[in-house]
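The values are calculated or read from the model by the stated rules, or taken from the named source; none is laboratory data. Everything numeric here is computed off the predicted structure, so don't read it as measured data. Here the Cβ positions follow ideal geometry from the backbone for every residue, glycine too, while neighbour counts run over all protein chains shown.
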């Protein structure tokens, strides 16, 4: 049987369609409406201005580390109050 659970949001294109999100190189969001804010380089999330961001922060469970708070920003909109999920 198939699971009805939705796929995770891609931190780059913000899409839920099946694709390798660790390698997503999209320059536009899934709906082609906005430029993406980050890209994946060697499985790491990097902002277009080359700043690293925390991949774990983009998940529903977030990241609990306080050693890299500056990397805790949403890969979709750039704010620190939430991640892409």
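Considering the range 29-43 alone, what residues qualify as being part of a strand (DSSP E or B) and in contact with a helix residue (DSSP H, G or I) (Cβ under 7 Å, 6 or more places away or on another chain)? Step through it out loud before you land on a result.
Here is the first cut: in the range 29-43, the ones part of a strand (DSSP E or B) are 35, 38-41.
Of everything in the range 29-43, just one residue is part of a strand (DSSP E or B) and in contact with a helix residue (DSSP H, G or I) (Cβ under 7 Å, 6 or more places away or on another chain), namely 40.
Taken together, the residues in the range 16-33 that are surrounded by 14 or more Cβ atoms within 10 Å (Cβ to Cβ) and free of Cβ contacts under 8 Å to residues at least 24 places away in the same chain amount to 6.
The set of residues from the range 1-25 being outside any helix (DSSP H, G or I) and in contact with a strand residue (DSSP E or B) (Cβ under 8 Å, 6 or more places away or on another chain) comprises 11, 12, 13, 24, 25. Would you point out the residue of the range 35-56, among those that are out of contact with any strand residue (DSSP E or B) (no Cβ under 7 Å at 6 or more places or on another chain) and over 17 Å from residue 82 (Cβ atoms), that is modelled with the lowest pLDDT? The extreme case among them is 43.
Among the residues of the range 68-75, not a single one is part of a strand (DSSP E or B) and either in contact with a helix residue (DSSP H, G or I) (Cβ under 6 Å, 6 or more places away or on another chain) or more than 21 Å from residue 15 (Cα to Cα) (or both). Restricting attention to the range 57-81, the residues that are under 18 Å from residue 16 (Cα atoms), more than 9 Å from the chain's Cα centre (by Cα) and modelled with pLDDT of 90 or more add up to 1. Note on the range 40-67: residues that are within 13 Å of residue 10 (Cα to Cα) and crowded, with 17+ Cβ neighbours inside 10 Å total 5.
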